[in-house]
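A short worksheet on the structure shown next.
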Amino acid sequence: MNIWLVMLLGGALTFGMRISFIYLFGRFEIPVMVKRALRFVPPAVLSAIIAPALFMPDNTLNVSLSNHYLLAGVVAILVAWRTKNTLLTIIAGMITLLVLMWGANTI
C-alpha cells in the first residue's frame, strides 16, 4: 500500500509543478531574455547527461581510442550533423558501440 501511496503522491506533485508553470506562463508575458535563455536548457541538460557517459565510462577521464563509448558518440554526432534524423542517429551510435564492443570481446 505504501508503494501506491508514494507513486500517487509523486505523480500529483509532478503534475502540480508542471501545471503551475503552464498556468503562470499562460497568464504573464515572459521577457524576451528569459525566452532566449530557456531555448538553451534542453541542450545543456542533454549534454550534462551524455558527456560523463562518453568521456568517463569507468569514472576516470578516457579520451583514447580504446574508449568505445566516445567513438560511438563521435559517429552518432556525425550522423546527426549530416542527416538531422534522431532515429538514425540513435541506431548508428548503438550499432557502432555494439560492433566496437563485439570486436574487443567486451560484450
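The values are calculated or read from the model by the stated rules, or taken from the named source; none is laboratory data. Keep in mind the model is a prediction, meaning the values are calculated, not measured. Quick reminder, even Gly has a Cβ in these numbers, built from the backbone with ideal geometry, and neighbours come from all protein chains shown. Ligands, DNA and RNA are stripped out before the accessible areas are found, and what is left, the full protein with its side chains, is counted by its heavy atoms. Shrake-Rupley method; radii C 1.70, N 1.55, O 1.52, S 1.80 Å.
General observations
- Portion, in percent, of the accessible area of the chain that falls on carbon or sulfur, probe 1.4 Å: 76 percent
- Recomputing Kirkwood radius over Cα pairs in Å from the coordinates shown identifies the correct label among (i) 14.7; (ii) 17.6; (iii) 13.9 as (ii).
- Farthest positive-ward along the chain dipole, Cα basis, beta-carbon charges - from W81, H68, N2: W81
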